[in-house]
Amino acid sequence: MRIYATKIKAKELKAGELFSTAGQSYWDNIDKFNVGERVYIRTNAPAPKNQEEEIVYKITIKKEE
């Protein structure tokens, strides 16, 4: 599998999307079976006002063949 980390503002995430504070270089160099502690799920509650503009990384996982 390949993990993609796309830079995005926190307020742009939709409920149910995966995100991380770690960028692409982190994901290119980790053991793909131990990712749980760096991935979060966006809830349907709005981002806190003091975090709306913060940069996070939307996580997309694709199966490589």
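The values are calculated or read from the model by the stated rules, or taken from the named source; none is laboratory data. Quick caveat: nothing in here was measured; it's all calculated off a predicted structure. Every residue, glycine among them, receives a Cβ derived from its backbone with ideal geometry; neighbour counts consider all protein chains shown.
Listed by first and then second residue, the pairs linking a residue in segment 43-56 that is in contact (Cβ under 8 Å) with a residue 40 or more places away in the chain and within 19 Å of GLN24 (Cα to Cα) to a residue that is among the charged types (D, E, K, R) and in a strand (DSSP E or B), with Cβ atoms under 6 Å apart and 6 or more places separating them unless they lie on different chains, are ILE55/LYS7.
Restricting the first member to segment 1-15 and to residues that are closer than 11 Å to ALA45 by Cα and among the charged types (D, E, K, R), and the second to residues that are modelled with pLDDT of 90 or more and assigned to a loop (DSSP other than H, G, I, E, B), the beta-carbon pairs closer than 6 Å and six or more apart or on different chains are LYS11/GLU52.
Name the residue that is modelled with the lowest pLDDT, counting only residues in segment 1-57 that are among the basic types (Lys, Arg) and surrounded by 10 or more Cβ atoms within 10 Å (Cβ to Cβ). This residue is LYS32.
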